[in-house]
Each structure stands twice: as C-alpha cells, then as structure tokens.
Amino acid sequence: MIYLKYWDPRIEEMSTADIEALQFKLLKTLVYRLYSFSDFYRARMKGSNVHPDDIRSLDDIVKLPFMYKKDLRDHYPDKMFIGGQEDLVRYHVSSGTTGKPTVVGYTQKDLDNWSTSVARGLTSVGLGRKDVMQVSYGYGLFTGGLGLHYGAEKIGATVVPASVGNTERQIELIQDLKVTAIACTPSYMVHMAEVAEKMGIDINRDTKLRTAILGAEPWTEKMRARIEKSTGIKAYDIYGTSELSGPLFTECSEQNGIHIWGDLAYVEVIDPETGERLGPGERGELAITMLQKEALPMIRYRIGDVASFDDSECACGRAHLRISRIQGRVDDMLIIRGINVFPSQVEFTLMSIPELGEHFQIVVDRQGALDTMLVRVELKNAQPFSDKLDDLLRLKGKVAHLLKNSLNVAVDVELVSPGTLARFEGKAKRVVDRRVL
Ligand code: DLL
C-alpha cells in the first residue's frame with residue numbers, strides 16, 4: 001500500500017519565496033482579467049483609484065478594495081459572475097441575512113481546484129486509498145457534503161455519502177462498511193459518540209474509525225480533547241465558506257493551524273475597524289483573495305471570521321501559511337447545527353406575520369451535543385383572539401413553520417404577552433447564546 005506524504009508535491013514543497021512569487025503572478029493575471037471582463041470589479045477599482053498597472057508587488061494588494069457578503073447579496077443571484085451560464089457546471093446556495101441567499105457558481109476548473117484543495121488536506125492527515133470515508137455533512141445546496149465527497153474520491157478513498165441525520169443508521173454503516181474516517185460538524189461527532197454509547201458501541205473498540213475532519217462551525221481545543229479521548233479518533237479542523245467554494249483548508253498531521261494553499265488563496269488578517277493589515281499572531285478579521293477562481297472571483301473578501309496567522313514553516317515541512325482556529329465572528333451570525341442563521345433573518349420572518357409584535361429574543365442552547373434554538377416573540381397588543389388557546393397554538397405552529405422554511409433549522413417558538421421581553425436603550429441584545437463550547 002502506498003502512503004502519500006503529499007498530494008501535490010510540486011505545490012506543497014514550495015518555499016515561501018516561491019509561493020509569494022507565484023501568488024504575485026496569479027494576482028496580476030486575476031486583476032487584469034477582472035478589470036477587462038467584470039463591470040463590477042472595474043467600477044470598484046476605478047472607485048478606489050486603482051488600475052491593474054498599480055499592482056507591482058504582492059503587498060500592493062492593499063490598494064485593492066475589500067469585498068463583502070453584501071456585494072453578493074446586492075448582485076443576487078449571478079450578476080457578479082464572470083462569463084455565462086454555459087460556463088458553469090454547478091451552483092451552491094447559502095443562507096443570507098434578509099431572506100436573500102448567496103449564490104455561488106462554479107466552472108469545471110473551480111470544482112477541480114476545490115477538490116484538489118480538499119485532497120491535499122486529506123492527504124496531509126494521512127488519508128488515502130486505504131480509507132473508507134463517511135461524509136456526514138449535508139449534501140445539496142450546502143457545500144459540506146459534496147465538497148468533502150469530491151476531495152475524498154480524488155485521493156482514492158471509498159466514500160460513504162451518508163449526509164446528515166439517522167444517527168443509529170450512520171453508526172451501523174461505520175461498523176458494517178469498516179469506515180476509517182468521518183467528515184461532519186464537531187457537534188454531530190459528539191452526538192454520534194453519545195448515540196453509539198447508548199447502542200452499546202465503543203467507537204474505539206468496536207469500529208475502525210480513527211480520523212475525523214470536523215468543521216463548518218466553531219469548536220475549541222477542549223472539544224477536540226474530549227472527542228479524541230472518548231473515541232480514540234484524531235480530530236482535524238477544516239475551514240472554508242461557500243463564497244470561497246466551500247470546505248477548502250484543513251490542519252495537517254501536526255494539528256497546529258489550518259494550511260491555506262498559497263497557489264489558491266492569499267490570506268490577510270485585518271483590523272475590522274480600520275481595515276489595516278495585522279502581523280503574525282495578531283487576531284483580526286480574515287480577508288481572503290481566491291487567486292484562481294473563474295466564475296465568482298473573490299478579492300480581499302471580508303468573511304467576518306476572526307483568526308490569526310502564522311507564516312513560519314510548519315513541522316510537517318509545508319511553508320504554506322497557517323491560520324488559527326476561527327475564534328469568533330465580527331458580526332452576529334449564529335451557527336446552529338452547522339447552518340448559518342442571522343438574527344436579522346429571524347426578524348425578517350417574524351415581522352412578516354401581522355399577529356406578532358416587534359419584540360423578540362433568540363435563545364440558543366445545547367442539549368447534549370446538539371444546538372437548539374428558541375424564538376420568544378411578543379404578540380401584538382390587543383389581540384382579539386389571544387385568549388383562545390386554539391388560535392394561539394395555530395399561530396405558534398405557523399411561526400415555527402415559517403421560521404423553519406426561511407432558516408432551514410427547526411425552531412421552538414414561545415408566544416409571550418406584549419411587554420414581557422426586555423427593552424433596550426442602545427442596541428438591542430436579541431440573542432442569548434447559552435452554549436458553552
Ligand atoms: O460551512 C463550509 C464548510 C463545510 C466548512 C464543511 C467546513 C466543513 P458556509 O455555510 O458558507 O460554509 O459557512 C461558512 O462557517 O464563515 C465560519 O464562520 C463557519 N466555519 C466554517 N468552518 C469553520 C471552522 C461552510 N472550522 C462559515 N471553525 C464561516 C469555525 C467555521 N467556524
């Protein structure tokens with residue numbers, strides 16, 4: 001059996017100087033391409049008084065304007081795409097803030113680069129042809145399932161496309177198909193371990209599962225230690241967002257930061273207030289430039305995730321820069337069972353229901369390993385029907401149904417009397433997050 005150290009030795013063994021030289025070349029090509037073919041980018045560059053000729057070194061990237069999720073929303077669904085539908089082979093769609101989702105289109109080359117990025121990461125934690133990988137991220141519009149799927153197939157692993165849910169069946173599959181690696185959210189991993197225990201199955205003793213590729217939501221070193229101790233599995237962090245493609249970058253066998261492949265992406269960590277660049281080890285907002293994306297290029301994209309970077313060579317031998325675990329978000333996006341939920345999205349839905357008042361509260365908690373979300377909302381003043389239990393139950397069902405439809409997450413609803421919830425003088429604190437990670 002051949003164990004590969006690198007999936008792409010030509011790229012993975014590059015020195016920092018060579019990576020930077022390649023990044024400059026790719027950046028220059030990208031900027032000229034966008035200036036020539038994209039009305040959006042040309043207007044943005046002109047607005048910032050910058051011409052492609054002004055990019056004379058990699059550091060000149062700071063002359064280029066930032067991009068935000070709002071840009072994608074404002075150009076819904078595909079007005080920022082380069083080229084036409086005939087160039088695309090896939091769409092993914094992720095949840096947005098006001099009911100408008102974000103749409104990402106992919107050319108065949110975009111998909112190839114995405115799966116190559118995942119393939120490098122999986123190889124770097126020791127996975128390969130000998131492995132059976134269960135992909136327990138959602139398949140569909142969410143990027144997790146298909147992202148891991150294609151990366152795992154690329155390295156020759158045997159994929160079990162289990163998707164999410166039906167946990168007992170998932171555990172049976174792990175046993176019956178001799179699954180050695182799993183990809184899912186960290187909270188689902190913990191839940192699975194608990195269900196396995198209830199079924200009388202000890203993951204370490206009774207299964208071949210030894211590697212987990214966990215991401216799509218925040219988790220901590222403490223959580224990693226618990227998972228590894230209770231299951232005997234080595235757990236690795238995987239990071240990405242739909243706008244950049246999907247799950248893209250992972251830790252290597254050192255478990256000491258997430259490698260960002262320099263030929264695919266250029267990372268900056270910036271002060272979210274001033275937009276100034278920060279140095280190694282300093283915590284700030286990630287701004288990522290995708291150097292080779294065709295259909296939906298992203299330049300200095302402010303993701304809203306907070307992390308720091310380390311540009312020293314990793315003990316694994318790769319010089320590709322590492323980012324820390326994601327340490328938080330600069331905005332208020334919640335991640336409930338791996339799904340992005342914006343409080344403004346909840347508000348948007350609630351405010352479309354005439355029987356409801358303006359005040360609401362979101363309570364996020366964790367039962368066992370799974371996130372729960374309760375929305376408390378006040379009834380409108382002087383409801384003629386408010387003393388009728390039947391009407392209230394029907395309304396509660398309707399609110400829960402509309403929220404589920406718009407958020408993609410099951411929500412508990414509590415209808416409360418007008419004037420019950422706290423009022424605020426400055427910014428309202430709508431979210432109570434009781435989860436202890
Ligand atoms: O969650 C892509 C993904 C799928 C990553 C599977 C990893 C594994 P989105 O739904 O667009 O894409 O959500 C992206 O999720 O901006 C972070 O806030 C959060 N996130 C993703 N991975 C991690 C992680 C996918 N490892 C948003 N740690 C990002 C913490 C993460 N947060």
Q: With the checklist (1) part of a helix (DSSP H, G or I); (2) within 12 Å of the ligand (Cβ to nearest atom); (3) open to solvent by less than 10 Å² (accessible area, probe 1.4 Å) in hand, flag the one item A196 doesn't pass.
A: (2)
Q) Does Q134 satisfy the criteria of being of a type outside the set (K, R) and either within 12 Å of the ligand (Cβ to nearest atom) or more than 25 Å from C252 (Cβ to Cβ) (or both)? A) no
**Q.** Close pairs from the range 235-255: first among the β-branched types (V, I, T), partner within 6 Å of the ligand (Cβ to nearest atom) and in a loop (DSSP other than H, G, I, E, B), Cβ under 8 Å, at least 6 apart
**A.** I238/A216
Q: Specify which of the listed residues (T158, T185) is of a type in the set (S, T, Y) and surrounded by fewer than 22 Cβ atoms within 10 Å (Cβ to Cβ).
A: T158
(Q) Being in contact (Cβ under 8 Å) with a residue 24 or more places away in the chain, under 18 Å from R205 (Cβ atoms) and outside any strand (DSSP E or B) is the filter here; which residues of the range 171-189 pass it? (A) I171, L173, I174, Q175, L177, K178, V179, T180, M189
**Q.** Breaking point among (1) in contact with a His (Cβ under 9 Å, 6 or more places away or on another chain); (2) modelled with pLDDT under 90, for V377
**A.** (2)
Q) What number of residues within the range 29-44 satisfy the criterion of being under 28 Å from the mean Cα position of the chain (by Cα) and either surrounded by 17 or more Cβ atoms within 10 Å (Cβ to Cβ) or not assigned by TED's automatic domain parsing to the domain that holds V269 (or both)? A) 7
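Residue by residue, here is whether (1) touching an Asp or Glu at 6+ places or on another chain (Cβ under 9 Å); (2) within 17 Å of P186 (Cα to Cα) holds:
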position	(1), (2)
T116	yes, no
R120	yes, no
G126	no, no
K130	no, no
V135	no, yes
G138	no, yes
G151	no, no
Q. Before we move on, is T274 open to solvent by 10 Å² or more (accessible area, probe 1.4 Å) and closer than 16 Å to Q327 by Cβ?
A. no
Q. Pairs, please: C-beta under 7 Å, at least 6 apart or cross-chain, first residue within 12 Å of the ligand (Cβ to nearest atom) and in the range 210-230, second open to solvent by 60 Å² or more (accessible area, probe 1.4 Å)?
A. P218/L437; W219/L437; T220/L437; M223/L437
Q. For the range 74-92, how many residues are free of Cβ contacts under 8 Å to residues at least 60 places away in the same chain and within 17 Å of the chain's Cα centre (by Cα)?
A. 1
Q) In the range 135-144, which residue that is in contact with a strand residue (DSSP E or B) (Cβ under 7 Å, 6 or more places away or on another chain) and without any contact (Cβ under 8 Å) to a residue 60 or more places away in the chain is surrounded by the fewest Cβ atoms within 10 Å (Cβ to Cβ)? A) L141
Q: Scan the range 244-269 for residues that are near the ligand (Cβ under 9 Å from one of its atoms) and open to solvent by 10 Å² or more (accessible area, probe 1.4 Å) and jot them down.
A: P247
Q) Residue check, T231 against (1) over 21 Å from the mean Cα position of the chain (by Cα); (2) surrounded by fewer than 22 Cβ atoms within 10 Å (Cβ to Cβ), all met but one. Which one? A) (2)
Q: Residues being in a helix (DSSP H, G or I) and touching a Gly at 6+ places or on another chain (Cβ under 8 Å): count how many of those fall in the range 13-26.
A: 4
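The values are calculated or read from the model by the stated rules, or taken from the named source; none is laboratory data. Nothing here was measured: the structure is a model prediction, and the numbers come from that model. No Cβ is skipped: glycine too gets one built from the backbone with ideal geometry, and neighbour counts run over all protein chains shown. Ligands, DNA and RNA are stripped out before the accessible areas are found, and what is left, the full protein with its side chains, is counted by its heavy atoms. Shrake-Rupley method; radii C 1.70, N 1.55, O 1.52, S 1.80 Å.
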